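Below is one structure, written out as structure tokens; the observations come after it.
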2 protein chains.
Amino acid sequence: MDKFYIDQLTVIGVGLIGGSIAARLKREGAVGRVVGVGRGLKNLTYAHHHGLIDEVAMDIQHGIESASVVVVAVPVKQVETILKEIKLSPNAEFVITDVGSTKGDFRKLVERIMPERAGFVVPGHPIAGSEQIGPQAADPNLFEAKNVVLCPLDRTTDTAIDLVQRLWQACGASVSKMSESKHDKIFSAVSHLPHVVSYALVEMMNRRDDAEELFDFAAGGFRDFSRIAGSSPEMWVDICRANRSPILHDVESFILSLEKIRELLQSEDYEAVQRIFDAAAVARNNWASNQ
Amino acid sequence: MDKFYIDQLTVIGVGLIGGSIAARLKREGAVGRVVGVGRGLKNLTYAHHHGLIDEVAMDIQHGIESASVVVVAVPVKQVETILKEIKLSPNAEFVITDVGSTKGDFRKLVERIMPERAGFVVPGHPIAGSEQIGPQAADPNLFEAKNVVLCPLDRTTDTAIDLVQRLWQACGASVSKMSESKHDKIFSAVSHLPHVVSYALVEMMNRRDDAEELFDFAAGGFRDFSRIAGSSPEMWVDICRANRSPILHDVESFILSLEKIRELLQSEDYEAVQRIFDAAAVARNNWASNQ
């Protein structure tokens with residue numbers, strides 16, 4: 001296989017993810033030129049100054065006019081506006097990919113806004129991140145040995161899929177492909193539901209009369225369990241909106257699971273409680289030992 | 001205040017907690033002699049060989065006959081048997097403390113088994129631990145700057161309370177006192193409920209048809225959230241049994257919290273969802289910055 005190489009990568013939204021892709025592809029010599037576009041001049045200037053990108057474009061049209069690949073790496077909420085702008089470009093040849101954590105909503109936007117470009121659109125989701133944000137946290141090794149899921153549209157061409165797959169492989173990632181509905185179900189369960197549950201638990205503690213004492217005595221187990229409740233509420237409300245139906249389904253299933261445990265405690269059926277805890281501990285420890 | 005010093009500490013159950021107390025008090029020169037008692041000869045031999053304890057006693061009666069303080073550091077389930085044995089000692093002078101994570105059940109056992117010794121019993125709960133177990137993991141610094149909660153009985157003497165408080169301070173811990181019912185409510189919320197929830201969530205994932213894929217794509221958020229689901233199921237079933245009523249109450253409250261979020265997602269009231277997430281994120285980040 002030839003070494004992956006593209007003439008111009010345009011990153012719209014040079015934050016943690018966009019900046020890390022840019023930094024890695026430049027380090028790999030996999031790109032002729034990286035152009036950054038964004039709303040925040042401060043982040044762009046930082047990224048340019050630190051060599052994450054080669055050029056800052058004044059606006060999206062200038063940024064993408066000579067692009068080979070356009071990476072949309074903005075918060076979910078801004079995607080619609082960005083796609084409407086991209087649609088207007090006279091350049092009809094670039095491949096478009098994104099990095100959002102929900103994929104059904106992205107597909108719908110593409111089909112509504114730019115069906116004529118669907119062959120060149122490869123929705124993607126890198127399973128990597130950090131608690132830090134912005135280009136200051138960009139790291140060329142962020143995606144090393146991490147999973148990236150691609151959810152091609154019905155009309156996405158094999159050529160476009162192959163290009164984006166090789167882009168991510170050049171970033172050190174392992175690429176999987178699946179439908180966007182399967183993707184959204186999986187990530188509802190392994191990521192979105194845990195966030196909702198963690199927020200709900202901390203908020204419930206915080207509402208109690210003895211909240212101050214609770215936090216005084218919270219220790220290690222609480223620290224790990226609640227870490228994701230420190231995540232950006234805006235981002236997670238957007239994810240709830242974008243992936244509402246699978247998340248609703250999982251919240252409902254989880255309420256049933258807790259109801260079951262409640263009944264078992266009520267009836268003091270500790271053997272059945274133990275079977276649930278055992279199954280979880282085995283599954284969790286198997287998972288951890290395979291990481 | 002005079003330096004804390006006792007002639008003989010007897011540790012029943014020389015595991016992580018018991019071994020760490022022994023190691024610390026010996027390092028502090030706060031104890032004349034540490035005697036270890038336990039069911040597992042392997043752990044006792046290890047502890048003796050590595051200087052955590054000075055002597056291994058053949059059985060509880062030999063171990064406690066000259067004790068100044070007896071620390072009961074065995075799994076919750078064995079406490080009853082141990083207390084019945086301690087009761088029989090002709091030595092009526094030693095102070096007894098324990099390290100269990102639930103305190104209402106311990107109080108009931110003491111009142112039932114050895115009401116005549118209640119003046120010398122100081123129930124305790126060090127809020128410290130490790131994922132590792134056994135004397136191999138013992139660490140004289142385990143309790144440094146950690147909280148220890150004492151829940152004296154109505155009849156516990158001030159002298160006994162003072163002695164155990166100074167013992168824990170010599171271990172580097174910060175000591176609080178509260179009723180056992182308050183203790184059990186607090187720890188139900190900050191520790192027991194999160195464990196139940198984490199077990200329930202991992203077990204639910206594991207039951208799904210797509211479990212294998214879920215675990216394949218689970219990442220950082222899941223890692224932290226589910227860590228406590230890898231804890232000993234036996235120990236946590238015992239805690240559910242010992243602290244059943246507060247845990248049941250908290251599971252029920254938490255189901256209501258999730259029902260609320262379910263309704264808000266159903267009606268697409270994302271502003272209200274955001275208020276919940278905001279409150280949690282602020283509380284969690286405040287907590288973390290005070291640690």
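Throughout, read-outs are computed from the coordinates displayed, never taken from laboratory work. Treat the numbers as computed from the prediction; the structure is a model and nothing was measured. We place every Cβ from the backbone using ideal geometry, glycine too, and count neighbours over all the protein chains shown.
May I ask for the net charge around A:GLU111, where only other residues with Cβ less than 15 Å from the Cβ of A:GLU111 are counted and Lys, Arg are +1 while Asp, Glu are -1?
On the way: positive: A:LYS84, A:LYS87, A:LYS103, A:ARG107, A:LYS108, A:ARG112, A:ARG117, A:ARG155; negative: A:GLU80, A:ASP98, A:ASP105, A:GLU116, A:ASP154, A:GLU180.
Residues near A:GLU111 contribute +2 overall.
Residues of A:181-193, mean number of Cβ from any other protein chain within 10 Å of their own Cβ, rounded to a whole number?
Taking all residues of A:181-193 together, the mean is 4.
Could you give, in nm with one decimal, how far B:GLN61 is from each other copy of that position, shortest first, with labels 7 Å out from Cα toward Cβ?
Output for B:GLN61: 9.7 nm, nearest copy listed first.
One decimal, nm, shortest first: give the distances between the label point of B:ALA145 and those of the same position in the other copies, each label point 7 Å from Cα along Cα→Cβ.
Label-point separations across copies, in nm and ascending: 3.1.
Evaluate the distance, in nm, between pseudo-label points positioned 7 Å from the Cα of A:VAL282 and of A:LYS260 along their respective Cα→Cβ axes.
Reported label-point gap for A:VAL282 and A:LYS260 is 1.5 nm.
In Å, what is the Rg of the alpha-carbon atoms in the range B:1-86, and how long is Dmax?
Rg, Dmax (Cα atoms, Å): 12.1, 39.
Given chain B, what percent of its DSSP beta bridges are antiparallel, to the nearest 5?
On the way: 3 of 25 bridges.
Here the antiparallel bridges make up roughly 10 percent for chain B.
Per residue and in cubic angstrom, what volume does the convex hull of the Cα atoms of the range A:6-178 have?
Numbers: hull volume 16.8 nm³, N = 173.
Measuring per residue, one finds 97 Å³ for the Cα hull of the range A:6-178.
Quick one: longest stretch of chain B between exposed loop trypsin sites (Lys or Arg not before Pro), exposed meaning at most 15 other C-beta atoms within 10 Å and loop per DSSP? Can you show the working numbers first?
Values: sites that count: B:LYS3, B:ARG39, B:ARG155, B:ARG208.
Maximal segment without exposed cleavage sites: B:40-154.
Just which residue of chain A brings its Cβ nearest the axis of rotation onto chain B, and by how many angstrom, rounded whole?
Spelled out as residue then distance in Å, it is A:ASP224, 2.
Once you average over the residues of A:259-266, how many Cβ atoms of partner chains fall within 10 Å of each Cβ? Intermediate values should be presented prior to the final figure.
Details: counts 3, 3, 10, 7, 0, 1, 9, 4.
Taking the mean over all residues of the peptide, I get 5.
Quick check on the protein assembly as shown: helices-only [θ] at 222 nm, where DSSP H runs of length 4 and up contribute -39,500 (n - 2.57) each and the sum goes over total residues. Nearest 500, please. Spell out each step's value before the answer.
On the way: 26 runs with 296 residues, N = 582.
Only helices count here, giving -15500 deg cm²/dmol.
How big is the range A:188-291 by the Kirkwood estimate over distinct Cα pairs, in Å?
Working: mean 1/r = 0.0633 Å⁻¹.
Hydrodynamic radius (Kirkwood, Cα only) of the range A:188-291 equals 15.8 Å.
Would you kindly calculate the mean projected area, averaged across all directions, of the convex hull enclosing the Cα atoms of chain A, in square nanometres? Walk me through the numbers on the way to the answer.
On the way: hull surface 71.1 nm².
Result: a mean projected hull area of 17.8 nm².
What does the structure give for B:69-80 when I average, per residue, the other chain Cβ atoms found within 10 Å of the residue Cβ? Before the final figure, lay out the partial values.
Values: counts 0, 0, 0, 0, 0, 0, 0, 0, 0, 0, 0, 0.
Partner-chain Cβ atoms within 10 Å, mean over residues of B:69-80: 0.
So, counting K/R as plus one and D/E as minus one, what does the shell of residues with Cβ under 13 Å around B:ALA138 add up to?
Working: positive: B:ARG24, B:LYS26, B:ARG27; negative: B:ASP139.
In short, +2.
Among A:LEU142, B:VAL273, B:THR81, whose Cα sits farthest toward the positive end of the charge dipole of the protein assembly as shown (+1 at Cβ of Lys/Arg, -1 at Cβ of Asp/Glu, about the Cα centre)?
Most positive-ward Cα: A:LEU142.
Taking all pairs of distinct Cα atoms, average 1/r, flip it, and tell me the Kirkwood hydrodynamic radius of the protein assembly as shown in Å to one decimal place.
Values: mean 1/r = 0.0377 Å⁻¹.
Mean inverse Cα-Cα distance, inverted, gives 26.5 Å.
Could you compute the net charge surrounding B:ASP250? Neighbours are other residues with a C-beta less than 13 Å from the C-beta of B:ASP250; K and R count +1, D and E count -1. Working shown, then result.
Values: positive: A:ARG207, A:ARG208, A:ARG262, B:LYS185, B:ARG244; negative: A:ASP210, B:ASP184, B:GLU252.
Combined, the nearby Lys, Arg, Asp and Glu give +2.
With the label 7 angstrom out along Cα to Cβ, how close does A:SER289 come to the same site in each of the other copies, in nm, nearest first?
4.2
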